[in-house]
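The values are calculated or read from the model by the stated rules, or taken from the named source; none is laboratory data. Because the structure is predicted, anything quoted here is derived from the model rather than measured. All Cβ positions, glycine included, derive from the backbone under ideal geometry; neighbour counts span all protein chains shown.
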Amino acid sequence: MKRYVLNVNENVISYMERLHYEYEICMDNVAFILANYKDNEGLMDSPLFKCYQDKQLAAKVAYENAKQEFTEKFVPKIFDGHQVSWEIDFRLKRVFLTQICDCDIDVSCVPGLGEY
């Protein structure tokens with residue numbers, strides 16, 4: 001397994017962070033409602049709960065679409081067909097790319113990619 005640092009514009013990282021936290025907040029809101037009002041028989045059919053549930057779904061779709069777009073745009077094409085994953089460290093504003101497969105890939109020609 002090899003790990004790389006992928007240089008990505010901080011604005012892109014901030015955008016991904018915003019979508020991530022919006023989704024997390026929506027999940028927390030729904031979980032809070034379910035935990036604190038579980039004895040309310042009409043909760044699941046209430047307009048308020050449906051509103052929060054719809055917001056959570058919309059936030060999830062937006063975040064998942066952004067992750068797919070990020071993969072297509074920023075993960076170097078040299079990794080196509082290989083097992084790789086990526087994660088963003090929002091605190092450090094860095095993207096870490098992990099090559100899971102044991103293949104020999106010459107990444108020296110990929111700008112903005114450094115071994116970690």
*asked:* If a residue must be among the aliphatic types (A, V, I, L, M), over 13 Å from the mean Cα position of the chain (by Cα) and more than 18 Å from M1 (Cβ to Cβ), how many such residues does the stretch 68-109 contain?
replied: 1
*Does the stretch 26-43 contain any residue that is among the polar types (S, T, N, Q), at pLDDT below 90 and on the phi < 0 side of the Ramachandran plot?*
yes
*Scan the stretch 47-85 residue by residue and report those that are part of a helix (DSSP H, G or I) and among the acidic types (D, E).*
D54, E64, E69, E72
*In the stretch 86-116, how many residues are among the aromatic types (F, W, Y), within 23 Å of L19 (Cα to Cα) and in a loop (DSSP other than H, G, I, E, B)?*
1
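Here is a yes/no grid of residues against (1) among the basic types (K, R); (2) over 15 Å from F96 (Cα atoms); (3) in contact (Cβ under 8 Å) with a residue 24 or more places away in the chain:
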{"residue": "Y21", "(1), (2), (3)": "no, yes, no"}
{"residue": "V30", "(1), (2), (3)": "no, yes, yes"}
{"residue": "Y37", "(1), (2), (3)": "no, yes, no"}
{"residue": "M44", "(1), (2), (3)": "no, yes, no"}
{"residue": "P47", "(1), (2), (3)": "no, yes, no"}
{"residue": "K60", "(1), (2), (3)": "yes, yes, yes"}
{"residue": "E69", "(1), (2), (3)": "no, yes, no"}
*Of the residues that sit in the stretch 27-46 and are of a type in the set (D, E, K, R) and assigned to a helix (DSSP H, G or I), which one is surrounded by the fewest Cβ atoms within 10 Å (Cβ to Cβ)?*
D45
*For the subset of the stretch 76-90 comprising residues that are β-branched (V, I, T) and in contact with a strand residue (DSSP E or B) (Cβ under 6 Å, 6 or more places away or on another chain), which member is nearest to I13 (Cα to Cα)?*
I88
